[in-house]
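Enquirer: One structure follows; several queries about it will come next.
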Amino acid sequence: MSKQWWKESVVYQIYPRSFMDSNGDGIGDIPGILTKLDYLKNLGIDVVWLSPVYQSPNDDMGYDISDYEEIMTEFGTMEDWDTLLAEMHRREMKLVMDLVVNHSSDEHAWFMESKKSKDNEYRDYYIWRPGKNGGPPTDWKATFGGSAWEYDEATDEYYLHMFSKKQPDLNWENPKLRESVYNMMKFWLDKGIDGFRLDVINMISKKEFLSSYEDYKNGREVLMDYQFNGPKVHDYLREMNEKVLSQYDMMTVGECPKVSPDLALLYTGEERKELNMVFQFEHMGLDKYPGKPKWGLKPLNLLELKQNLTKWQKELENNGWNSLYWNNHDQPRVVSRFGNDSEYHTESAKMLATILHMMKGTPYIYQGEEIGMTNIQFQSLEEYKDIETLNYYREALEEGKQHEDIMASIYAKSRDNARTPMQWDSSEYAGFSEAKPWIGVHPNYHEINVESALENADSIFYHYKKLIELRKKHEIIVYGAYDLILENHPSIFAYIRTLGNEKLLVVNNFYGDETALEWPEEAGGFVTKKKLIGNYGEESAEEEGKIKLRPYESIVYSLT
Ligand code: TEU
Ligand code: CA
């Protein structure tokens, strides 16, 4: 297993629209990000993953790109971007950009050409099919609802869009399209970026077009799988690696919904020469019903979470590399989702952070996670901006669901939970903007904000900062072996890290009831024991060989 800078890094994801507004239009922007680089440096961040900042009509908030080589006007200019990169590199921070090439915007020049005529030279940059029996080629559904096919009258054909109809899927079967993508990637890499996060990259190869759901629902394959891990995805990624990625000192993390560890190794095995890491979603699916949409609320079962995270730790232990995350711009806030954002807000946020950051892999922190930002409950649907949320509301209502039940699902799972403005201080609009922001600010910004976090030595911020410092100081955290202990304990998540003759014992009370455990024999035989980090100050949690854990208590011991 080779040592790499991206294995030893901590990544911070910025969702630019909601991070910092510098010019008083209520929308975050690149000059705003510039003013916060020292904040990120203070936290200990090595790499920033910047969600898309390219020209976009914002049908899907920038994940619908109309010009891959121009900065979105609302976010600033290319000069602003050049300054951001220079200022990041000056602080020895790296920049990873978001690569969204499963689809473009329907306002991209390629699509404007493609839809002009069947023999246009860009026609095959996208996936066009004639209709069938007076309807779409197949009865597939798009991720954001509705049919995955949009009819175009001018050429009497349908085009495929796995997301919104303003996000037509690119045709990766077309070598010209692939070359255009590779040239665009080189444009950004030659400007000096340090990597890419590749959006839904396991969808770029489509499995053969079967006539309808029936082919899939009748046992052939789970319906949604037709989108993922198609027959040529590895051919394309090996070609991308050979033509682009291998020519730069960079990192890649591919977003791969529905991958399992065995598939993840096909994307990230060092010998595969494809990607460095993937974002997998299995742990993000444990509070929904299997094979069903995320809106069905199933309580999290800690044993399932322990088993799933351990499976990923073990199966990628000697090859590939785990990405470690609880949050991103698509996921609800973890302190509300898996922790306790009321009476044990600080303790549970710190506990969740420790569970993740003491594991083997590259940790990703999503903006606001480091100060314990929480889910939001907008009182009116108009305050929600996310296309996925709004489409869900409408479809669920049409299916006869009750407003209250639909809102309960939206409160728990809407992507807008992650997209409320970053809370910098207790001034109006949380210091994010001088103007009313594009989306509502969480009313708890008076209590939860960066300024108060920086003034409080016991804040969640300083817990994250310390976790990052520990990762830099103790090689065992990056490269040590992981072994789950107490696997059947219903409320304790505990594991051991081992490197040479050093061990770490990581114990976490996942819930709000006091609990205790005998000192684990797997953590025996040590000469010295030192508490590296905890979330209840300094007083000892041990009594006669037992570790007593208070609500959400989390402790890491170093044993040598
Ligand atoms: O998300 C891919 C994806 O699977 C999403 O459907 C996500 O898992 C889901 O919304 C969770 O509820 C990527 C981007 O992260 C997302 O923001 C984009 O909307 C999507 O691709 C299309 O580009
Ligand atoms: Ca702005």
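Enquirer: Can you work out which of the residues in the stretch 52-86 that are in contact with a Leu (Cβ under 8 Å, 6 or more places away or on another chain) and open to solvent by less than 60 Å² (accessible area, probe 1.4 Å) is farthest from ligand 2 (Cβ to nearest atom)? So that I can check it myself, show each step before the final result.
Expert: The initial filter retains those residues of the stretch 52-86 that are in contact with a Leu (Cβ under 8 Å, 6 or more places away or on another chain), namely 80, 83-85.
Okay, now just the ones that are also open to solvent by less than 60 Å² (accessible area, probe 1.4 Å), so 80, 84-85.
Numbers: ASP80: 11, LEU84: 14, LEU85: 19 Å.
Across the stretch 52-86, the extreme among qualifying residues is LEU85.
Enquirer: Follow-up question, since we're still on this one. Scan the stretch 99-110 and report the pairs whose first residue is over 15 Å from ARG197 (Cα atoms) and touching a residue at least 40 places away in the same chain (Cβ under 8 Å) and whose second residue is within 16 Å of ligand 2 (Cβ to nearest atom) and of a type in the set (Ser, Thr, Tyr), with Cβ atoms within less than 7 Å and a gap of 6+ or a chain change.
Expert: Cβ pairs passing all conditions: SER105/SER56.
Enquirer: Which helices (runs of 4 or more DSSP H) sit wholly inside the stretch 303-405 and have at least 2 residues that are away from ligand 1 (no atom under 16 Å from the Cβ), out of contact with any Pro (no Cβ under 9 Å at 6 or more places or on another chain) and farther than 18 Å from GLU282 by Cβ?
Expert: Numbers: elements: 334-337, 345-357, 387-398.
Answer list for the stretch 303-405: 345-357, 387-398.
Enquirer: Turning to a different aspect of this structure: Just checking, how many residues over the stretch 97-142 are within 30 Å of VAL47 (Cα to Cα) and not hydrophobic (A, V, I, L, M, F, W, C)?
Expert: Of the stretch 97-142, the ones within 30 Å of VAL47 (Cα to Cα) are 97-105, 108.
Next, from what is left, pick out any that are not hydrophobic (A, V, I, L, M, F, W, C): 98, 102-105, 108.
Number of matching residues: 6.
Enquirer: Out of the stretch 104-126, which residues are open to solvent by less than 30 Å² (accessible area, probe 1.4 Å) and either in contact with a His (Cβ under 6 Å, 6 or more places away or on another chain) or away from ligand 1 (no atom under 16 Å from the Cβ) (or both)?
Expert: Across the stretch 104-126, the qualifying residues are SER114, ASN120, ARG123, TYR125.
Enquirer: A follow-up question, please. Looking at (1) more than 25 Å from the chain's Cα centre (by Cα); (2) surrounded by fewer than 21 Cβ atoms within 10 Å (Cβ to Cβ), which one does ALA481 not meet, given that it meets all the others?
Expert: Here ALA481 meets the rest and fails (1).
Enquirer: Being in contact with a Phe, Trp or Tyr (Cβ under 7 Å, 6 or more places away or on another chain) and among the acidic types (Asp, Glu) narrows it down to one residue among ASP29, ASP119, ASP38; which is it?
Expert: Details: ASP119 fails: in contact with a Phe, Trp or Tyr (Cβ under 7 Å, 6 or more places away or on another chain); ASP38 fails: in contact with a Phe, Trp or Tyr (Cβ under 7 Å, 6 or more places away or on another chain).
So the residue among ASP29, ASP119, ASP38 that is in contact with a Phe, Trp or Tyr (Cβ under 7 Å, 6 or more places away or on another chain) and among the acidic types (Asp, Glu) is ASP29.
Enquirer: Right, something else. Any chance you could count how many residues in the stretch 543-557 are open to solvent by 10 Å² or more (accessible area, probe 1.4 Å) and at pLDDT below 95?
Expert: The number of residues fulfilling the criteria is 5.
Enquirer: Would you check if there is a residue in the stretch 280-300 being small (Gly, Ala, Ser), in contact (Cβ under 8 Å) with a residue 60 or more places away in the chain, open to solvent by 20 Å² or more (accessible area, probe 1.4 Å) and on the phi < 0 side of the Ramachandran plot?
Expert: Yes: the stretch 280-300 contains one or more residues that are small (Gly, Ala, Ser), in contact (Cβ under 8 Å) with a residue 60 or more places away in the chain, open to solvent by 20 Å² or more (accessible area, probe 1.4 Å) and on the phi < 0 side of the Ramachandran plot.
Enquirer: Sticking with this structure for a sec: Kindly evaluate MET97 against the criterion of being modelled with pLDDT of 95 or more, closer than 30 Å to ARG471 by Cα, within 16 Å of ligand 1 (Cβ to nearest atom) and among the hydrophobic types (A, V, I, L, M, F, W, C).
Expert: yes
Enquirer: Out of the strands (runs of 3 or more DSSP E) lying entirely within the stretch 464-560, which hold 1 or more residues that are within 20 Å of GLY361 (Cα to Cα)?
Expert: Because the criterion is at least 1 residues that are within 20 Å of GLY361 (Cα to Cα), the strands (runs of 3 or more DSSP E) in the stretch 464-560 that meet it are 481-485, 492-499, 502-509, 529-534, 554-559.
Enquirer: Follow-up. Applying the selection to the stretch 508-525, what residues are touching a residue at least 12 places away in the same chain (Cβ under 8 Å) and either open to solvent by 70 Å² or more (accessible area, probe 1.4 Å) or among the acidic types (Asp, Glu) (or both)?
Expert: Across the stretch 508-525, the qualifying residues are TYR511, ASP513, GLU514, GLU518, GLU522.
Enquirer: While we're looking at this one, here's another question. Being open to solvent by less than 60 Å² (accessible area, probe 1.4 Å), assigned to a helix (DSSP H, G or I) and closer than 20 Å to TRP6 by Cα is the filter here, so list the residues in the stretch 234-258 that pass it.
Expert: LEU237, MET240, ASN241, LEU245
Every residue, every condition in (1) open to solvent by less than 80 Å² (accessible area, probe 1.4 Å); (2) farther than 27 Å from LYS311 by Cβ, yes or no:
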| position | (1), (2) |
| --- | --- |
| LYS436 | no, yes |
| PRO443 | no, yes |
| ILE448 | yes, yes |
| LEU467 | yes, no |
| TYR495 | yes, no |
| VAL506 | yes, no |
| THR528 | yes, yes |
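Enquirer: What are the residues in the stretch 127-136 that are open to solvent by 30 Å² or more (accessible area, probe 1.4 Å) and in a strand (DSSP E or B), if any?
Expert: Residues of the stretch 127-136 open to solvent by 30 Å² or more (accessible area, probe 1.4 Å): 129-134, 136.
The answer is ARG129, LYS132.
The values are calculated or read from the model by the stated rules, or taken from the named source; none is laboratory data. All figures in this text were calculated on a predicted structure; none of them were measured in a lab. Virtual Cβ from ideal backbone geometry, glycine too; neighbours counted across all protein chains shown. Note: accessible area is taken over every heavy atom of the protein model, side chains too, but ligands, DNA and RNA are not part of it. Shrake-Rupley method; radii C 1.70, N 1.55, O 1.52, S 1.80 Å.
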